[in-house]
Amino acid sequence: MLLHIVPRGRIGRGPEAELVERYLKRIAWPVRVTELPEAGGKLPPEPPQCRRVVLDEKGEAFGSMAFARLLERWRDEGMREARFLIGAADGFDDETREGADLLL
């Protein structure tokens, strides 16, 4: 299963670039990062069997083991992609939150 990280704004540049690269190397699953502009821009089309995870202040908190079990369950159910949306400073609108499979 592909872990697809879709942030608003640039996460792989500037002072945090080294930290982002270090953490991406730790992930054992395939990972793709698609950066969107701070405003506008379209999400890449979602493939079939995709879960959308919105990282939002109103979301659930998971421990590492519980989160790993969730990803394993999605993989075992045949999910091809877990897409993680990271918002800009002003967060997400209600429509994006409602369309999420998980608010994290």
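The values are calculated or read from the model by the stated rules, or taken from the named source; none is laboratory data. All figures in this text were calculated on a predicted structure; none of them were measured in a lab. Positions of Cβ are generated from backbone atoms using ideal geometry, with glycine treated the same way; all protein chains shown enter the neighbour counts. These area figures cover heavy atoms from the full protein model, side chains too; ligands, DNA and RNA do not enter into them. Shrake-Rupley method; radii C 1.70, N 1.55, O 1.52, S 1.80 Å.
Can you list the residues, at least 5 places off or on another chain, whose amide H is less than 5 Å from the amide H of His4, using H built in the peptide plane?
Arg32, Ala82, Arg83, Phe84
Could you work out how far apart the two model spin labels at Glu72 and Val31 are, taking each label as a point 7 Å from the Cα in the direction of the beta carbon, and quote it in nm?
2.0 nm
Distance in nm between label sites at Asp101 and Leu24, each 7 Å beyond Cα in the beta-carbon direction?
2.3 nm
Can you pull the percent of Cα pairs in the chain with separation above 16 Å?
Tail of P(r) above 16 Å: 61 percent of Cα pairs.
Express the accessible area of the chain per residue in Å², computed with a 1.4 Å probe while the remaining protein chains stay in the model.
The answer is 66 Å² per residue.
Just grab the label-to-label distance for Ala17 and Lys58, each label 7 Å out from Cα along the Cβ direction, in nm (one decimal).
Simple spin-label model gives 3.6 nm for this pair.
Using a 1.4 Å probe on the protein chains only, how many percent of the accessible area of the stretch 41-104 belongs to carbon and sulfur?
After summing per-atom areas, the C and S share lands at 48 percent.
Please figure out what share of the DSSP beta bridges in the stretch 48-104 is antiparallel and state it in percent, rounded to the nearest 5.
Roughly 0 percent of the beta bridges in the stretch 48-104 run antiparallel, per DSSP.
Tell me, what is the 1.4 Å probe accessible area of Glu77, in Å² to the nearest 10?
100 Å²
So if I place +1 on the C-beta of Lys and Arg and -1 on the C-beta of Asp and Glu, and nothing else carries charge, what would the dipole magnitude of the chain be about its Cα centre? I want it in debye, nearest 20.
The dipole magnitude comes to about 500 debye.
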